[in-house]
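Structure, as structure tokens:
The values are calculated or read from the model by the stated rules, or taken from the named source; none is laboratory data. Since the model is a prediction, treat every value here as computed from it, not as a measurement. Positions of Cβ are backbone-derived with ideal geometry, glycine not excepted, and every protein chain shown enters the neighbour counts.
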Amino acid sequence: MSMIEIERINTYYGDSHVLFDVSMVVREREVVALLGRNGAGKSTTLKTLAGVLHPRSGTIRFEGEPIELLPSHKIARLGLQLVPEERRIFGGLTVEENLDLAALSAPAPLPLAEIFAIFPRLRERRGSYGRSLSGGEQQMLTIARALIRRPRLILLDEPFEGLAVIIVQNLLEVCRQLVAQGQTIVIVEQNVRAALSLASRAYVLNNGHVVFEGTSEALQASPDVMNRYLGV
Amino acid sequence: MDGSNGRRLKRWLPELSMAIALVILPFVFDTWLGSVDLFTRILIWGIFGLGFDLLFGRTGLLSFGQGAFYGTGGFVTAYLLTSGRMDNVWLALAAGVAAAALFSVFVGLLALRRVGIYFAMITLAFGELSFFLENSPLSRWTGGENGLPGVPAPSIQIGGLDYSFAGSWPSYQLIAGFYFIGFVFARFVVLSPVGSVLTAIQQNPQRTAALGHDVAAYKLTVFVLAAIFAGCGGALLGIFQSYMPPDAFGLDTSGQLVIQTVIGGAGTLIGPAVGAAIWLTLRDLLQQVPAIGDLWKFILGLVFVLLVTFMPNGVVGNIIRVWLRFGFRPAVATGTDRPGDVTAREALLAPLPTAIAPSLPPRLALDVRDISKAYGGIQAVDRVSLALPEGRLHAIIGPNGAGKSTFLRLLACEETPDSGEILLHGIDVAAADVTAAYQYGLAKSYQINQLFPQLTMRQNLRIGALGRHRGRLRLDIFRPADGFAKVEDVVAALLEELGLTECADLVVSTLPYGEKRRLELGLALASQPSVLLLDEPLAGLSAVEREGVKQLIRNLRKGRTIILVEHDMDAVFELAERITVLHEGRKLAEGTPNEISGDPLVKQAYLGGMTVP
Amino acid sequence: MPTLPQFLSQAFNGIALGSLLALVASGLSIILGTLGVLNFAHGAMFMLGAYTAFVVLGHWDSFAIALALGALVLVLVGFATERGLIRFYYSRPKEDQILVTFGLGIMMVEAVRYVFGSLSQPVPLPSWGQGIVNLGFFIFPLYRVEVIGIVAVLLFTFYQLLYRTRIGLVVRAGIEDPLMVELLGTHVRRVFMVVFTIGAMAAGIAGVIYAPLAAVIPNMGEPFLVQCFVVVVIGGLGSFPGAVVGGIVVGEILSLTTLFDPAYSQAAIYAVMALVLIVRPRGLFGTMGRA
């Protein structure tokens, strides 16, 4: 069964039409990449899924249930977890408090020990305030906040942006482990190679329209699609 | 009804009606209540409220401390007269008003640094401060808790006529006279370009500044104006009662002003007077009902809360809304009809010469030299240079986080670079603010529409055009907002150019996104800039609308230098002469569209970052 | 020149007064930081606490009951206000929120005036609060020492609530980034009710404590409201430590300036507020944004 079925959604920012009849399917245990230049509507799609925005038309089904009109906290509780682009760490809370907050509304949160096993660096920094963390540490924390809730589906919005190569490698490794454990992921990334190294399928957006849908191999074998919509 | 006589009548109808009302109504009060004094009091609150309505109703600044200026005007006047330092009541009145104005400059410079909640708190605190000062340290002059009794009334001596304004009816004549003059003056302000700018500030202060208006100066101006009205009201109160009461400064006074204005209707000029009439009449009435008695203020408080919740436009405000809904539209300047002559339009909209003529005509319209900007530890823009001759259409592209938005913000003078220079026709504007940039002929169109939603298309564009033509600050209160023929011509030409003439006099919030996007461009064009910065002009548009805007951009090139930031690569390659690619804050490549699309470095930056994990 | 005992005495008074201010201001600041609402009725809530003390102490001799009932009354008032009125205003402009709480404050004051009249109501010191503490070199009233103690306990409880409980965690996170809190599955609005109620309760308890020290009149909340605004400006919007430090600072300024010229002590706090606005507009502990 599909975990997510998006059918012809149209999202607006105010009255700016940003997504035009976008449709997507994500199956359980899949990793799907959502690609395109910025301004194409990738983040908007994730935000619509997470309930930050609501589509004016179209439907979104999460494990069979329609969620397009639900508020974001309810969607999070259903097990759909967005890891936002700006990371949005609570600077005035410690690392541990950030994680505690995330675990609050989860019925069976992952124990802290397991989180720290995935991200040992966070154990070292558990008492530090969010605002004192480096970019890489913040990204680890924001992913950890999602993981602690044991989500059915994780939406990663540009997780590797602005990070050093070593850290990106580290995070990619974490993601590969999650994939191996069967975590369903949708990843939005401008770093096409990194995204395709994780994902089995990909959608490409351009100016709010879906212009490609297929396996990662198929995409990589179409240099004209890559150049036209992802390059320059 | 477009004849000029018809329009003149519509312009002066409110003043005419007010004059008639001021002649007739006192007799109504006299007959009904036996005295005209209540109406006189209402008008004193009305004078106080005219200024407050300009401040709050028109500019959106909610001050809880106007009592400070009311009291200052009142006590300075009363003190001068009762202490014998001045004999001439008119002079003392002027002195009181001047004192209030001076005090308000001081308070305004501090309070206006903040908006909204902070502004309310600060004005409240200053109101209380004055109350306290009046009560204690200055009580030698103010009479402390007792106030100042014995304030005389003014008189006029002209020719053989010696008329004293003492007594019930003469007091009314005096105060009604002042109210009328104040009303006429306030109407001038509202209908002037100053009034338009104040309304714009209420709806979108950042864009108002970006359209060349010195927002801080306008705010201070209206704050001082409000204080002048307040000081006048206070002085007249003392004269009317022959006694200046200590509670003029208090929160009760400032609060009552706010309540009355909201009840009557903020933004209507007569709202405060109507609100005062309602408050004072109900107060007298309710107190006489045995069951209510001392609960009158509680009931009025309840009425106020209900009004704010369900009828926030107040009594007059709602009457006006009903009036408009039934089709009585106020006189709208529809502007002169223009023939659709393209060359004439182009001439009208051609870039204006920059105000400061450099000694040598420089080759470059925009010369950006090594500008950098860092936030925290992150270098958002790293020594980027750009050299644009006049007439160039140049695009800036780059992957997410490349620094495009920051770069554009630096060019638009929204922020100051840490180092480097930005030379606009030879003038360094790196340290200029957005207002100055607009005046120099550098304008930006925003990615997210920054419009004045409650104004019409025409009014929106007028704010922009007025900015360039009038400069940062001009207090041309006695000029009508549409009184600059050149401005009106430019606005009409813009509407034609943008294809918006049909909806010119419709309120922007009711219009669809495509029209709004074109207005957004129009606002930048209204300054007749020589350098135009376009931030994702095609954002959110349908395919058809994109074509229209692309054509518009092509048309705009004549004599103008344009910088375009866009994600729609097809559009970029169609429009741009040259392209700069930014990556991680640095310039990665620059060249013609062909050169860029063939550049392997650029491809790598877009597809996989510079380093592949 | 004031003598050392005079100085110490006033400095001590400043702490007593400042701690009360800190308590009232923390309530105001947390409401402002979390809900974004400037509660103009806060002074009236303080006043309601004082009048509850008057009523209770007229029947029972227990200050503890006065405190408990004062807290209870304000919990009810706070709850009713937030659920019945404030929550409809969250998406309305700030000016409307100010206006409606201002009107509410007037209603509360007038209702009390109707029932109790305008004359000052005497509230006796509790039996354990009478007397003085004599340290030889200076003397101060026992009750004020106890006030500092009680408020310290309350502020400490407040602190625990904010920093050691789940609700406190949500509040602190919600002040920073309410959207992210929602994305992590917690409905922030539900917390608003608790925050407003606790803020009202803090004001009410402060009123109970203050009642024996000064005239209990319907308008007594007004000077406190204005001083609270000064505290919030100095300490920083939405900051609990800012409210505490700001409260003490304002209390000290008010008390110490009376040594030199009592007439100007009020003016002094406004001067400091003006200074803060010029030099550091966000206050001691505040963050930019939010007006």
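Residue-wise test of (1) surrounded by 16 or more Cβ atoms within 10 Å (Cβ to Cβ); (2) hydroxyl-bearing (Ser, Thr, Tyr); (3) more than 14 Å from chain C (Cβ to nearest Cβ); (4) assigned to a helix (DSSP H, G or I).
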position: B:TYR118; (1), (2), (3), (4): yes, yes, no, yes
position: B:SER130; (1), (2), (3), (4): yes, yes, no, yes
position: B:ALA153; (1), (2), (3), (4): yes, no, yes, no
position: B:ILE156; (1), (2), (3), (4): no, no, yes, no
position: B:PHE183; (1), (2), (3), (4): yes, no, yes, yes
position: B:ARG187; (1), (2), (3), (4): yes, no, yes, yes
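Screening A:PHE212 against (1) more than 14 Å from the chain's Cα centre (by Cα); (2) under 29 Å from B:ILE378 (Cβ atoms); (3) more than 13 Å from chain B (Cβ to nearest Cβ) leaves a single unmet condition, (2).
Where helices (runs of 4 or more DSSP H) fall wholly inside region B:484-567, the ranges with 3 or more residues that are within 14 Å of chain A (Cβ to nearest Cβ), closer than 24 Å to B:THR456 by Cβ and touching a residue at least 40 places away in the same chain (Cβ under 8 Å) are B:513-525. Only a single criterion out of (1) among the aromatic types (Phe, Trp, Tyr); (2) within 18 Å of the chain's Cα centre (by Cα); (3) closer than 26 Å to A:LEU230 by Cβ is not satisfied by A:PHE62, namely (3). Taken over region A:64-77, residues that are more than 9 Å from every other protein chain (Cβ to nearest Cβ) and either closer than 30 Å to A:GLY127 by Cβ or free of Cβ contacts under 8 Å to residues at least 12 places away in the same chain (or both) amount to 1. Taken together, the residues in region A:156-170 that are within 24 Å of A:LEU49 (Cα to Cα), among the hydrophobic types (A, V, I, L, M, F, W, C) and either more than 9 Å from every other protein chain (Cβ to nearest Cβ) or in contact with a strand residue (DSSP E or B) (Cβ under 6 Å, 6 or more places away or on another chain) (or both) amount to 1.
Of everything listed in (1) over 32 Å from the mean Cα position of the chain (by Cα); (2) part of a helix (DSSP H, G or I); (3) more than 9 Å from chain C (Cβ to nearest Cβ), the single unmet condition for B:ASP87 is (2). When restricted to residues that are more than 22 Å from C:ILE167 (Cβ to Cβ), out of contact with any helix residue (DSSP H, G or I) (no Cβ under 9 Å at 6 or more places or on another chain) and in contact (Cβ under 8 Å) with a residue 12 or more places away in the chain, region A:89-147 contains 1.
The residue list A:ARG56, A:ARG8, A:ARG61 contains one member that is closer than 30 Å to A:GLN177 by Cβ and touching a residue at least 40 places away in the same chain (Cβ under 8 Å), which is A:ARG61. For B:LEU62, are the conditions met, namely being within 14 Å of chain C (Cβ to nearest Cβ), assigned to a helix (DSSP H, G or I) and within 26 Å of the chain's Cα centre (by Cα)? So B:LEU62 fails the test.
So that you can scan it fast, the table gives a plain yes or no per residue for (1) within 14 Å of another protein chain (Cβ to nearest Cβ); (2) more than 19 Å from C:ASN219 (Cα to Cα); (3) more than 11 Å from the chain's Cα centre (by Cα):
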| residue | (1), (2), (3) |
| --- | --- |
| C:ILE15 | no, yes, yes |
| C:SER26 | no, yes, no |
| C:THR34 | yes, yes, yes |
| C:VAL37 | yes, yes, yes |
| C:PHE40 | yes, no, yes |
| C:GLY43 | yes, no, no |
| C:HIS59 | no, yes, yes |
| C:VAL75 | no, yes, yes |
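Among residues of region A:215-232 that are more than 10 Å from every other protein chain (Cβ to nearest Cβ), those with a beta-carbon under 8 Å from a residue that is of a type in the set (Gly, Ala, Ser) and surrounded by 15 or more Cβ atoms within 10 Å (Cβ to Cβ) at least six positions away or on a different chain give the pairs A:THR215/A:SER200; A:THR215/A:ALA202; A:SER216/A:ALA33; A:SER216/A:ALA199; A:SER216/A:SER200; A:SER216/A:ALA202; A:LEU219/A:ALA202. Being touching a strand residue (DSSP E or B) at 6+ places or on another chain (Cβ under 9 Å), at pLDDT 90 or above and assigned to a loop (DSSP other than H, G, I, E, B) holds for only one residue in B:PRO417, B:PRO362, and it is B:PRO417. Restricting region C:148-194 to residues that are polar (S, T, N, Q) and either assigned to a helix (DSSP H, G or I) or within 9 Å of chain A (Cβ to nearest Cβ) (or both), the residue that is farthest from C:PHE285 (Cα to Cα) is C:THR186. Residue check: C:LEU104 meets all listed conditions (1) within 11 Å of another protein chain (Cβ to nearest Cβ); (2) surrounded by fewer than 15 Cβ atoms within 10 Å (Cβ to Cβ); (3) under 18 Å from the mean Cα position of the chain (by Cα) but one, namely (2). State which residue is nearest to the other protein chains (Cβ to nearest Cβ) when the search covers only region A:78-88 and only residues that are free of Cβ contacts under 8 Å to residues at least 60 places away in the same chain and crowded, with 19+ Cβ neighbours inside 10 Å. Top of the filtered list is A:ARG88. Regarding A:ALA50, is this residue in contact with a helix residue (DSSP H, G or I) (Cβ under 6 Å, 6 or more places away or on another chain) and on the phi < 0 side of the Ramachandran plot? So A:ALA50 fits the description; yes. The number of residues in region C:242-286 being closer than 18 Å to C:SER19 by Cα and not polar (S, T, N, Q) comes to 17. The condition of being surrounded by 24 or more Cβ atoms within 10 Å (Cβ to Cβ) and away from chain C (no Cβ under 14 Å) holds for only one of B:GLY96, B:GLY67, B:GLY34, that being B:GLY96. Among the residues here, B:ARG114 qualifies as within 20 Å of C:PHE40 (Cβ to Cβ) and either outside any helix (DSSP H, G or I) or of a type in the set (D, E, K, R) (or both). Within the option set C:ALA263, C:ALA268, being within 11 Å of chain B (Cβ to nearest Cβ), part of a helix (DSSP H, G or I), surrounded by fewer than 24 Cβ atoms within 10 Å (Cβ to Cβ) and touching a Pro at 6+ places or on another chain (Cβ under 6 Å) holds for one residue only, C:ALA263. Tallying residues that are among the aromatic types (Phe, Trp, Tyr) and within 14 Å of another protein chain (Cβ to nearest Cβ) within region A:90-136 yields 2.
Every condition in (1) surrounded by 12 or more Cβ atoms within 10 Å (Cβ to Cβ); (2) over 19 Å from the mean Cα position of the chain (by Cα); (3) more than 14 Å from chain B (Cβ to nearest Cβ); (4) not charged (D, E, K, R) holds for C:TYR89 except the one numbered (3). Applying the condition of being at negative phi and touching a residue at least 60 places away in the same chain (Cβ under 8 Å) to region A:11-26 and asking which residue is surrounded by the most Cβ atoms within 10 Å (Cβ to Cβ) yields A:LEU19. Restricting region C:107-122 to residues that are facing chain B (nearest Cβ under 8 Å) and hydrophobic (A, V, I, L, M, F, W, C), the residue that is nearest to C:ALA215 (Cα to Cα) is C:ALA111.
The residues of region C:236-253 that are crowded, with 24+ Cβ neighbours inside 10 Å and of a type outside the set (A, V, I, L, M), listed by number, are C:GLY236, C:GLY238, C:SER239, C:PHE240, C:GLY242, C:GLY246, C:GLY247, C:GLY251.
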